[in-house]
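**Student:** This is the structure I have questions about; it appears just below.
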Amino acid sequence: MTLSRRTLLRSLASTGALAAAGATPSAWAQEFPARPIKVVIPFPAGSVGDVIMRAIQVRTANTPYNFVVDNKPGGNTFIAMGMVANAPPDGYTLAGGTISTDVINPMIYNKIPYDTTALVPLSLLGYSPYVILTRADFQANNMAQLIEMAKAKPGELNFGSAGLGGSTHLVTEMWMRDSGIKLTHVPFNGAQPVHQALLRGDVQVYSDVLTSALPLVRAGKFKLLAITSDKRHSTAPDVPTMIESGFRDFVRTAWYSVSAPRRTPQDAIDKIAKVIEKTMADPTMVDEFAKRGMVLSTPGPKAHAELIALERERWGSVIKALNLKLES
């Protein structure tokens, strides 16, 4: 059976299944690139999007595509994304984005210090579910026990996020709403600072991305209470889904992307998208990230734009229900 593009995109928006689509270079693109291509990441080194781009960088090192990763964390991702939105539209400055930068931020902030329409989709990179993460010695071993603790100690438990208004913040707000509890929010700039805060005991819970959490779980530092996939994940088969934990239809997927300044020549966008697609189809890279809990996906600019539109429908209803509006 052949699925339509829209059906495939809806599948990714819910559970993460997306097919790849190619692109065709033109005569102009054959002259491109003539110098390194900078990819600005709005999170610290070691974050998921950073790790993917660095893997691409290594595999394209001996080709004309010399990707240079530039980490610019902070400012709720506005520093990095603003740099790229205001960069020359020549294909030499790109943004490493997430579902937060591409979908959530434009809907949740009253004002953003750059024109969000000045960035156009180039390609998705991959996707992974969220997990409810705690320190290994945390008293609760499942969501029911966590909810019981929170109700017994209202306001005493803290949750971390990788940024105010980001997806790790919203996912927590969603399950708190559904379970009738309230934890105190402590935002950070990226996942790594949250991990350190969890280890110190400054925060007790974090709705992390599986790919980010797995190495620390395997090292025995943290444990998972639940996962937001539609079924149990092969990398953590003993961890129940949120649905199994009593949260109806609670399926959410984090994904990572690359965008370019508006008016970047389509030939440059297509050529970069095709190189990323070919690089990420490398079986060694696919296997490497599968072990990390991530599925690589490179559907190209058009499918990326269509997915953003679909995700805005889904997350828009969540933001409206939570009545969340933030100041930048």
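**Student:** Residues Ala61, Ala55: which one is over 22 Å from Pro187 (Cβ atoms) and free of Cβ contacts under 8 Å to residues at least 24 places away in the same chain? Please lay out each step first, then the result.
**Tutor:** Working: Ala55 fails: free of Cβ contacts under 8 Å to residues at least 24 places away in the same chain.
Of Ala61, Ala55, the one residue that is over 22 Å from Pro187 (Cβ atoms) and free of Cβ contacts under 8 Å to residues at least 24 places away in the same chain is Ala61.
**Student:** Residue by residue through the range 87-115, note down the ones that are of a type in the set (S, T, N, Q) and within 17 Å of Ile37 (Cβ to Cβ).
**Tutor:** Listed by number, the list holds a single entry, Thr93.
**Student:** Are any residues in the range 127-175 of a type in the set (A, V, I, L, M), in contact (Cβ under 8 Å) with a residue 24 or more places away in the chain, farther than 21 Å from Asn189 by Cβ and part of a helix (DSSP H, G or I), and if so, which ones?
**Tutor:** Met143, Ala144, Leu146, Ile147, Ala150, Met174 - these are the residues of the range 127-175 that are of a type in the set (A, V, I, L, M), in contact (Cβ under 8 Å) with a residue 24 or more places away in the chain, farther than 21 Å from Asn189 by Cβ and part of a helix (DSSP H, G or I).
**Student:** A follow-up question, please. What is the one condition in (1) under 18 Å from the mean Cα position of the chain (by Cα); (2) at pLDDT 95 or above; (3) in a helix (DSSP H, G or I) that Leu199 does not satisfy?
**Tutor:** (1)
**Student:** Test Val275 against the criterion of being free of Cβ contacts under 8 Å to residues at least 40 places away in the same chain, more than 30 Å from Trp175 (Cβ to Cβ), surrounded by fewer than 24 Cβ atoms within 10 Å (Cβ to Cβ) and among the β-branched types (Val, Ile, Thr), and give yes or no. Give the derivation first.
**Tutor:** On the way: free of Cβ contacts under 8 Å to residues at least 40 places away in the same chain: no; more than 30 Å from Trp175 (Cβ to Cβ): yes; surrounded by fewer than 24 Cβ atoms within 10 Å (Cβ to Cβ): yes; among the β-branched types (Val, Ile, Thr): yes.
For Val275, the condition - free of Cβ contacts under 8 Å to residues at least 40 places away in the same chain, more than 30 Å from Trp175 (Cβ to Cβ), surrounded by fewer than 24 Cβ atoms within 10 Å (Cβ to Cβ) and among the β-branched types (Val, Ile, Thr) - is not met.
**Student:** Checking the structure you have, find out if any residue of the range 221-230 is hydroxyl-bearing (Ser, Thr, Tyr), surrounded by fewer than 16 Cβ atoms within 10 Å (Cβ to Cβ), under 20 Å from the mean Cα position of the chain (by Cα) and not in a strand (DSSP E or B).
**Tutor:** Within the range 221-230, the first condition is being hydroxyl-bearing (Ser, Thr, Tyr), and the residues that meet it are 228-229.
Next, from what is left, pick out any that are surrounded by fewer than 16 Cβ atoms within 10 Å (Cβ to Cβ): none.
Scanning the range 221-230 turns up no residue that is hydroxyl-bearing (Ser, Thr, Tyr), surrounded by fewer than 16 Cβ atoms within 10 Å (Cβ to Cβ), under 20 Å from the mean Cα position of the chain (by Cα) and not in a strand (DSSP E or B).
**Student:** Please go through the range 176-217 and give me each residue that is touching a residue at least 12 places away in the same chain (Cβ under 8 Å) and of a type in the set (Lys, Arg), ordered by number.
**Tutor:** Of everything in the range 176-217, those that are touching a residue at least 12 places away in the same chain (Cβ under 8 Å) and of a type in the set (Lys, Arg) turn out to be Arg177, Lys182.
**Student:** Out of Ala268, Ala260, which single residue is under 24 Å from Arg54 (Cα atoms), in contact (Cβ under 8 Å) with a residue 60 or more places away in the chain and part of a helix (DSSP H, G or I)? Don't jump to the end; show me each part of the working.
**Tutor:** Values: Ala260 fails: part of a helix (DSSP H, G or I).
Sole residue among the options that is under 24 Å from Arg54 (Cα atoms), in contact (Cβ under 8 Å) with a residue 60 or more places away in the chain and part of a helix (DSSP H, G or I): Ala268.
**Student:** For Pro106, state whether it is surrounded by fewer than 17 Cβ atoms within 10 Å (Cβ to Cβ), in the same structural domain as Lys278 (by TED's automatic domain parsing) and not small (Gly, Ala, Ser).
**Tutor:** So Pro106 fits the description; yes.
**Student:** Hey, does the range 78-86 have a residue that's more than 20 Å from Pro36 (Cα to Cα), out of contact with any helix residue (DSSP H, G or I) (no Cβ under 7 Å at 6 or more places or on another chain) and hydrophobic (A, V, I, L, M, F, W, C)?
**Tutor:** Yes: one or more hits.
**Student:** Among residues belonging to the range 290-307 that are among the hydrophobic types (A, V, I, L, M, F, W, C) and surrounded by 21 or more Cβ atoms within 10 Å (Cβ to Cβ), point out the one that is modelled with the highest pLDDT.
**Tutor:** Across the range 290-307, the extreme among qualifying residues is Met294.
**Student:** Residue by residue through the range 182-192, note down the ones that are buried (at least 17 other Cβ atoms within 10 Å of the Cβ), at negative phi and not in a strand (DSSP E or B).
**Tutor:** Across the range 182-192, the qualifying residues are Leu183, Phe188, Asn189, Ala191, Gln192.
**Student:** Can you name the condition, by its number, that Asp208 falls short on among (1) outside the structural domain of Glu148 (by TED's automatic domain parsing); (2) buried (at least 20 other Cβ atoms within 10 Å of the Cβ); (3) not hydrophobic (A, V, I, L, M, F, W, C)?
**Tutor:** So Asp208 meets the others, but not (1).
**Student:** Within the range 271-323, track down each residue that is over 18 Å from Gly126 (Cα atoms) and more than 20 Å from the chain's Cα centre (by Cα).
**Tutor:** Lys271, Lys320, Ala321, Leu322, Asn323
**Student:** Same structure, new question: Among Gly96, Gly82, which is the only one that is surrounded by 21 or more Cβ atoms within 10 Å (Cβ to Cβ) and closer than 21 Å to Met294 by Cβ?
**Tutor:** On inspection, the qualifying residue turns out to be Gly96.
**Student:** Restrict the check to the range 158-172 and report whether at least one residue is farther than 21 Å from Leu216 by Cα, within 19 Å of the chain's Cα centre (by Cα) and modelled with pLDDT of 95 or more. Walk me through it before giving the result.
**Tutor:** The initial filter retains those residues of the range 158-172 that are farther than 21 Å from Leu216 by Cα, namely 164-166, 170.
From the residues that got through so far, the ones that are within 19 Å of the chain's Cα centre (by Cα) too are 164-166, 170.
Among the residues that remain, those that are also modelled with pLDDT of 95 or more are: none.
No: zero hits.
**Student:** Sticking with this one: Output the number of the condition that Gly46 fails; it satisfies all remaining conditions of (1) closer than 23 Å to Val171 by Cβ; (2) out of contact with any helix residue (DSSP H, G or I) (no Cβ under 7 Å at 6 or more places or on another chain); (3) in a loop (DSSP other than H, G, I, E, B); (4) not basic (Lys, Arg).
**Tutor:** So the condition that Gly46 fails would be (2).
The values are calculated or read from the model by the stated rules, or taken from the named source; none is laboratory data. Fair warning: this is a prediction, and the values are worked out from it, not measured in the lab. No Cβ is skipped: glycine too gets one built from the backbone with ideal geometry, and neighbour counts run over all protein chains shown.
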